[in-house]
Amino acid sequence: MRLVTFVPQIGATPRVGLLRNGNRIIDLTDPQPRPPFDPADMIALITAGDSARTWLRDVAAKSRESTPFDKVTLLAPIPRPRKNVFCVGWNYFEHFNESASKRPADFKLPDHPVFFTKAPTSVNGPYAAIPYQSEYAQSLDWEVELGVIIGRAGKNISEADAMKHVFGYTVVNDVTVRDIQIHHGGQWFRGKSLDGTCPMGPSIVTADEVDADNLRVVCRVNGVVKQDANTQSLFFKIPRLIAELSLGLTLEPGDIISTGTPSGVGRHRNPPEFMSPGDVMETEIVGLGLMRNAIAE
Ligand code: ZN
(Lines give C-alpha, C1' and ligand atoms only; values in the text may rest on other atoms or scores of the structure.)
Protein backbone atom coordinates (compact mmCIF):
# COMPACT_ATOMS: atom_id res chain seq x y z
CA MET A 1 0.00 0.00 0.00
CA ARG A 2 1.02 3.56 -0.71
CA LEU A 3 -0.27 6.24 1.64
CA VAL A 4 -0.13 10.00 1.21
CA THR A 5 -1.15 13.08 3.15
CA PHE A 6 -2.79 15.64 0.89
CA VAL A 7 -4.97 18.72 0.60
CA PRO A 8 -7.72 18.30 -2.04
CA GLN A 9 -8.05 22.00 -2.72
CA ILE A 10 -6.78 25.30 -1.34
CA GLY A 11 -8.20 25.95 2.12
CA ALA A 12 -9.19 22.34 2.81
CA THR A 13 -7.80 20.46 5.80
CA PRO A 14 -5.10 17.83 5.24
CA ARG A 15 -6.16 14.20 5.18
CA VAL A 16 -4.71 10.79 4.45
CA GLY A 17 -5.16 9.14 1.07
CA LEU A 18 -4.56 5.71 -0.36
CA LEU A 19 -2.75 5.76 -3.67
CA ARG A 20 -4.26 3.57 -6.34
CA ASN A 21 -2.80 2.58 -9.72
CA GLY A 22 0.01 5.04 -9.12
CA ASN A 23 -2.01 8.11 -10.07
CA ARG A 24 -5.35 8.18 -8.21
CA ILE A 25 -5.97 8.97 -4.56
CA ILE A 26 -8.79 7.58 -2.42
CA ASP A 27 -9.65 10.17 0.22
CA LEU A 28 -9.88 8.27 3.53
CA THR A 29 -12.29 10.85 4.94
CA ASP A 30 -14.82 9.73 2.27
CA PRO A 31 -15.32 5.96 2.53
CA GLN A 32 -18.03 4.45 4.73
CA PRO A 33 -17.92 2.89 7.23
CA ARG A 34 -15.68 5.30 9.07
CA PRO A 35 -12.13 4.09 9.65
CA PRO A 36 -10.91 2.86 13.05
CA PHE A 37 -8.54 5.87 13.20
CA ASP A 38 -8.63 9.61 12.48
CA PRO A 39 -8.41 9.79 8.66
CA ALA A 40 -6.84 13.24 8.88
CA ASP A 41 -3.78 11.92 10.67
CA MET A 42 -1.17 9.51 9.27
CA ILE A 43 0.27 8.89 12.73
CA ALA A 44 -3.20 7.79 13.94
CA LEU A 45 -3.41 5.38 11.00
CA ILE A 46 0.02 3.93 11.77
CA THR A 47 -0.82 3.66 15.49
CA ALA A 48 -4.03 1.74 14.71
CA GLY A 49 -1.92 -1.17 13.40
CA ASP A 50 -3.72 -4.26 12.09
CA SER A 51 -7.22 -2.79 12.38
CA ALA A 52 -6.18 0.03 10.03
CA ARG A 53 -4.59 -2.43 7.64
CA THR A 54 -7.72 -4.55 7.41
CA TRP A 55 -9.93 -1.51 6.86
CA LEU A 56 -7.57 -0.15 4.18
CA ARG A 57 -7.58 -3.43 2.28
CA ASP A 58 -11.33 -3.33 2.28
CA VAL A 59 -11.38 0.26 1.00
CA ALA A 60 -8.87 -0.54 -1.73
CA ALA A 61 -11.03 -3.43 -2.91
CA LYS A 62 -14.36 -1.56 -2.93
CA SER A 63 -13.85 2.16 -3.31
CA ARG A 64 -14.51 3.66 -6.72
CA GLU A 65 -14.30 7.35 -5.80
CA SER A 66 -10.82 8.65 -6.39
CA THR A 67 -9.09 11.88 -7.39
CA PRO A 68 -6.26 12.22 -9.91
CA PHE A 69 -2.91 12.55 -8.19
CA ASP A 70 -2.05 15.78 -10.04
CA LYS A 71 -5.24 17.59 -8.92
CA VAL A 72 -4.24 17.74 -5.23
CA THR A 73 -1.40 19.15 -3.17
CA LEU A 74 0.72 16.47 -1.54
CA LEU A 75 2.23 17.23 1.85
CA ALA A 76 4.93 15.19 3.55
CA PRO A 77 3.23 11.89 4.49
CA ILE A 78 3.84 12.84 8.14
CA PRO A 79 3.69 16.65 7.96
CA ARG A 80 4.45 17.12 11.65
CA PRO A 81 6.33 14.24 13.31
CA ARG A 82 5.92 14.08 17.07
CA LYS A 83 9.64 14.10 17.60
CA ASN A 84 12.65 15.17 15.61
CA VAL A 85 13.52 13.15 12.53
CA PHE A 86 16.33 10.78 13.50
CA CYS A 87 19.25 10.83 11.08
CA VAL A 88 22.40 8.80 10.62
CA GLY A 89 25.77 10.27 9.65
CA TRP A 90 28.38 8.54 7.44
CA ASN A 91 26.34 5.47 6.72
CA TYR A 92 27.66 4.79 3.23
CA PHE A 93 31.35 3.94 3.10
CA GLU A 94 32.04 6.11 0.01
CA HIS A 95 30.46 9.13 1.67
CA PHE A 96 32.67 8.65 4.74
CA ASN A 97 35.70 8.50 2.44
CA GLU A 98 34.84 11.60 0.41
CA SER A 99 34.77 13.67 3.60
CA ALA A 100 38.04 12.15 4.94
CA SER A 101 40.18 15.20 4.12
CA LYS A 102 38.05 17.28 6.53
CA ARG A 103 38.91 15.04 9.51
CA PRO A 104 42.06 14.09 11.43
CA ALA A 105 44.03 11.34 9.66
CA ASP A 106 43.51 8.82 12.47
CA PHE A 107 39.70 9.26 12.47
CA LYS A 108 38.11 5.83 11.99
CA LEU A 109 34.63 4.76 10.93
CA PRO A 110 32.60 4.63 14.13
CA ASP A 111 31.85 1.31 15.85
CA HIS A 112 28.30 2.53 16.44
CA PRO A 113 25.97 4.53 14.20
CA VAL A 114 26.32 8.32 14.49
CA PHE A 115 22.88 9.80 15.18
CA PHE A 116 21.69 13.37 14.92
CA THR A 117 18.25 14.88 14.36
CA LYS A 118 16.29 17.40 12.31
CA ALA A 119 13.61 19.54 13.99
CA PRO A 120 9.94 18.64 13.21
CA THR A 121 9.54 22.11 11.66
CA SER A 122 12.14 21.19 9.01
CA VAL A 123 9.70 18.74 7.39
CA ASN A 124 8.54 19.86 3.94
CA GLY A 125 6.37 18.51 1.13
CA PRO A 126 7.61 16.39 -1.77
CA TYR A 127 7.01 19.15 -4.34
CA ALA A 128 7.29 22.21 -2.08
CA ALA A 129 9.93 24.92 -2.45
CA ILE A 130 12.96 24.80 -0.17
CA PRO A 131 13.36 28.20 1.55
CA TYR A 132 16.50 30.10 0.57
CA GLN A 133 17.43 32.38 3.44
CA SER A 134 20.18 34.40 1.84
CA GLU A 135 21.31 36.21 5.01
CA TYR A 136 22.46 33.05 6.73
CA ALA A 137 21.83 29.96 4.65
CA GLN A 138 23.51 30.16 1.25
CA SER A 139 25.31 26.83 1.18
CA LEU A 140 22.33 24.53 0.63
CA ASP A 141 23.48 20.97 -0.02
CA TRP A 142 21.59 17.81 -1.02
CA GLU A 143 21.46 14.37 0.66
CA VAL A 144 19.17 11.68 -0.77
CA GLU A 145 18.24 9.16 1.94
CA LEU A 146 15.94 6.21 2.58
CA GLY A 147 13.47 7.06 5.37
CA VAL A 148 12.20 4.30 7.67
CA ILE A 149 8.79 4.83 9.30
CA ILE A 150 8.32 3.13 12.66
CA GLY A 151 5.05 1.20 13.14
CA ARG A 152 4.93 -0.63 16.46
CA ALA A 153 6.30 1.20 19.49
CA GLY A 154 9.27 -0.33 21.25
CA LYS A 155 12.28 0.13 23.46
CA ASN A 156 15.44 -1.98 23.64
CA ILE A 157 14.39 -3.65 20.38
CA SER A 158 16.67 -6.52 19.31
CA GLU A 159 18.10 -6.65 15.78
CA ALA A 160 16.15 -9.89 15.27
CA ASP A 161 12.85 -8.16 16.08
CA ALA A 162 13.61 -4.78 14.53
CA MET A 163 11.88 -5.24 11.19
CA LYS A 164 8.59 -6.06 12.95
CA HIS A 165 8.65 -2.44 14.12
CA VAL A 166 8.89 -0.99 10.60
CA PHE A 167 5.65 0.29 9.10
CA GLY A 168 7.07 1.42 5.78
CA TYR A 169 9.49 3.56 3.84
CA THR A 170 9.67 6.96 2.23
CA VAL A 171 12.08 9.22 0.36
CA VAL A 172 13.90 11.91 2.36
CA ASN A 173 16.30 14.65 1.38
CA ASP A 174 18.40 15.71 4.37
CA VAL A 175 19.00 19.20 2.95
CA THR A 176 21.91 20.73 4.86
CA VAL A 177 23.21 24.27 5.24
CA ARG A 178 26.94 23.59 5.31
CA ASP A 179 28.03 27.04 6.57
CA ILE A 180 25.91 26.67 9.67
CA GLN A 181 27.05 23.08 10.11
CA ILE A 182 30.66 24.28 10.17
CA HIS A 183 30.10 27.42 12.25
CA HIS A 184 28.56 25.57 15.16
CA GLY A 185 31.50 23.47 16.22
CA GLY A 186 30.98 20.77 13.61
CA GLN A 187 27.82 19.51 15.34
CA TRP A 188 25.06 18.85 12.86
CA PHE A 189 21.75 19.82 14.41
CA ARG A 190 21.63 23.54 13.52
CA GLY A 191 22.77 23.17 9.91
CA LYS A 192 20.21 20.43 9.32
CA SER A 193 17.17 21.83 11.09
CA LEU A 194 16.20 25.02 9.28
CA ASP A 195 12.56 25.31 8.25
CA GLY A 196 11.67 23.38 5.13
CA THR A 197 14.97 21.49 4.81
CA CYS A 198 13.51 18.00 5.18
CA PRO A 199 11.36 17.28 2.11
CA MET A 200 9.74 13.89 2.47
CA GLY A 201 7.42 11.73 0.38
CA PRO A 202 5.69 11.52 -1.98
CA SER A 203 4.15 8.55 -0.13
CA ILE A 204 4.82 5.95 2.53
CA VAL A 205 5.13 2.53 0.93
CA THR A 206 4.29 -0.21 3.41
CA ALA A 207 7.11 -2.56 4.37
CA ASP A 208 5.50 -5.65 2.78
CA GLU A 209 6.08 -4.09 -0.68
CA VAL A 210 9.72 -3.04 -0.24
CA ASP A 211 13.09 -4.79 -0.27
CA ALA A 212 14.85 -2.07 1.72
CA ASP A 213 18.27 -3.72 1.28
CA ASN A 214 18.23 -3.23 -2.48
CA LEU A 215 16.94 0.20 -3.45
CA ARG A 216 18.57 2.59 -5.89
CA VAL A 217 18.85 6.09 -4.39
CA VAL A 218 19.43 9.03 -6.75
CA CYS A 219 19.68 12.80 -6.42
CA ARG A 220 19.70 15.14 -9.42
CA VAL A 221 20.10 18.90 -9.47
CA ASN A 222 18.80 20.65 -12.59
CA GLY A 223 18.70 17.23 -14.28
CA VAL A 224 22.36 16.39 -13.54
CA VAL A 225 22.93 13.23 -11.48
CA LYS A 226 24.82 14.09 -8.26
CA GLN A 227 24.27 10.95 -6.20
CA ASP A 228 23.49 7.46 -7.45
CA ALA A 229 23.91 4.52 -5.08
CA ASN A 230 22.13 1.49 -3.66
CA THR A 231 21.02 0.77 -0.10
CA GLN A 232 23.01 -2.48 -0.40
CA SER A 233 25.96 -0.24 0.57
CA LEU A 234 24.44 0.93 3.86
CA PHE A 235 27.17 0.44 6.47
CA PHE A 236 24.82 -0.01 9.44
CA LYS A 237 21.72 -1.85 8.22
CA ILE A 238 18.20 -0.96 9.35
CA PRO A 239 17.91 -3.62 12.12
CA ARG A 240 21.16 -2.40 13.68
CA LEU A 241 20.02 1.24 13.49
CA ILE A 242 16.71 0.43 15.19
CA ALA A 243 18.40 -1.70 17.86
CA GLU A 244 20.95 0.97 18.77
CA LEU A 245 18.55 3.90 18.57
CA SER A 246 15.94 2.19 20.74
CA LEU A 247 18.37 1.35 23.57
CA GLY A 248 16.75 3.17 26.47
CA LEU A 249 14.78 5.36 24.05
CA THR A 250 11.21 4.55 23.13
CA LEU A 251 10.44 4.56 19.43
CA GLU A 252 6.81 5.39 18.67
CA PRO A 253 4.48 4.92 15.70
CA GLY A 254 5.29 7.51 13.05
CA ASP A 255 8.86 8.13 14.18
CA ILE A 256 11.17 8.55 11.20
CA ILE A 257 14.74 7.35 10.78
CA SER A 258 16.63 8.76 7.80
CA THR A 259 19.34 6.20 7.11
CA GLY A 260 22.19 8.35 5.78
CA THR A 261 23.37 9.60 2.41
CA PRO A 262 25.79 8.15 -0.16
CA SER A 263 28.71 10.01 -1.76
CA GLY A 264 28.23 12.88 -4.19
CA VAL A 265 27.12 15.69 -1.87
CA GLY A 266 27.97 19.23 -3.00
CA ARG A 267 30.32 20.11 -0.19
CA HIS A 268 32.87 17.46 -1.14
CA ARG A 269 32.92 18.28 -4.84
CA ASN A 270 35.89 20.11 -6.29
CA PRO A 271 35.10 22.96 -6.33
CA PRO A 272 32.21 22.65 -3.81
CA GLU A 273 28.70 23.09 -5.25
CA PHE A 274 25.62 24.44 -3.52
CA MET A 275 22.06 25.10 -4.65
CA SER A 276 20.81 28.58 -5.58
CA PRO A 277 17.33 30.04 -6.02
CA GLY A 278 15.64 28.51 -9.06
CA ASP A 279 17.62 25.27 -8.94
CA VAL A 280 15.51 22.11 -9.00
CA MET A 281 16.45 19.19 -6.77
CA GLU A 282 15.05 15.76 -7.65
CA THR A 283 15.28 13.06 -5.02
CA GLU A 284 14.37 9.57 -6.13
CA ILE A 285 14.32 6.10 -4.69
CA VAL A 286 13.46 3.80 -7.54
CA GLY A 287 10.27 1.93 -6.66
CA LEU A 288 9.37 4.29 -3.80
CA GLY A 289 8.92 7.56 -5.66
CA LEU A 290 10.38 10.86 -6.78
CA MET A 291 10.30 14.28 -5.15
CA ARG A 292 10.91 17.52 -7.02
CA ASN A 293 11.77 20.57 -4.91
CA ALA A 294 12.79 23.93 -6.30
CA ILE A 295 14.95 26.29 -4.28
CA ALA A 296 12.75 29.30 -3.54
CA GLU A 297 13.49 32.47 -5.54
ZN1 ZN B 1 22.11 13.01 5.99
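The values are calculated or read from the model by the stated rules, or taken from the named source; none is laboratory data. All values derive from a computational prediction rather than experimental measurement. A quick note on method: Cβ atoms are made from the backbone with ideal geometry, for glycine too, and the neighbour counts reach across all protein chains shown. Ligands, DNA and RNA are stripped out before the accessible areas are found, and what is left, the full protein with its side chains, is counted by its heavy atoms. Shrake-Rupley method; radii C 1.70, N 1.55, O 1.52, S 1.80 Å.
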One finds, for TYR127 and ASN230 with R0 = 25 angstrom and r their Cβ-Cβ distance, a FRET efficiency to the nearest 0.05 of 0.50
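Treating the beta-carbon of each Lys and Arg as +1 and of each Asp and Glu as -1, no other charges, what is the dipole magnitude of the chain about its Cα centre, to the nearest 20 debye?
On the way: 31 positive and 34 negative charges, 72 e Å.
My answer is approximately 340 debye.
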Which of PRO77, TYR132, SER66, positive extreme of dipole for segment 55-132 (C-beta unit charges): SER66
Residue with peak Gaussian network fluctuation, the chain [Cα springs, cutoff 10 Å], from PRO104, PRO272, PRO35: PRO104
With Cα springs under 10 Å, the Gaussian network model of the chain assigns the largest mean-square fluctuation among SER134, SER263, SER158 to SER134
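Relative contact order for segment 160-289: what is it in percent, counting Cα pairs under 8 Å that are at least 6 residues apart? The partial results should precede the final answer.
Values: 162 pairs, mean separation 41.9, N = 130.
About 32 percent, as a whole number.
Would you work out if segment 87-203 is rounded, prolate or oblate? Take a ≥ b ≥ c from the square roots of the eigenvalues of the alpha-carbon gyration tensor; rounded if a/c is under 1.5, else prolate when a/b is larger than b/c, oblate otherwise.
Oblate shape, in that a/c is at least 1.5 and b/c is the bigger or equal ratio.
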Quick check: at a probe of 1.4 Å, how many percent of the accessible area of the chain sits on carbon and sulfur atoms? 51 percent
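Quick one: how many lysine pairs in the chain have C-alpha atoms under 17 angstrom apart, if they're 8 or more apart or on different chains?
Values: LYS83/LYS118; LYS83/LYS155; LYS83/LYS192; LYS118/LYS192; LYS155/LYS164; LYS164/LYS237.
So the count of such lysine pairs works out to 6.
How would you classify segment 32-77 from its alpha-carbon gyration tensor, with a ≥ b ≥ c the square roots of the eigenvalues: rounded for a/c under 1.5, else prolate if a/b is greater than b/c, otherwise oblate?
Oblate is the answer for segment 32-77, as a/c is 1.5 or above yet b/c matches or exceeds a/b.
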Ordering TYR132, TYR127, TYR169 from largest to smallest accessible area (1.4 angstrom probe), what's the sequence? TYR127, TYR132, TYR169
Hey, what do the phi angles of segment 125-132 turn into as Karplus ³J(HN,Hα) couplings, whole Hz, using 6.51/-1.76/1.60 and θ = phi - 60°, x for Gly and Pro? x, x, 10, 7, 6, 8, x, 10
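Pull up the DSSP beta bridges for the chain and report the antiparallel fraction as a percent, rounded to 5. Before the final figure, lay out the partial values.
Working: 57 of 62 bridges.
The answer is about 90 percent antiparallel.
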Segment 1-62-segment 162-222 distance, computed between alpha-carbon centres (Å): 23 Å
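Among 62-73, 248-259, what's the highest-first ranking by average C-beta atoms within 10 angstrom per residue?
Details: 62-73: 12.8, 248-259: 20.4.
Ranking, from highest mean packing down: 248-259, 62-73.
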Cβ-based charge dipole, segment 157-297, positive-most Cα from ILE285, LEU241, VAL225: VAL225
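With the cut-off at 1.5 for a/c, could you classify segment 162-250 from its C-alpha gyration tensor as rounded, prolate or oblate?
Working: a/c = 1.88, a/b = 1.23, b/c = 1.53.
Taking the square roots of the gyration eigenvalues as a ≥ b ≥ c, segment 162-250 is oblate.
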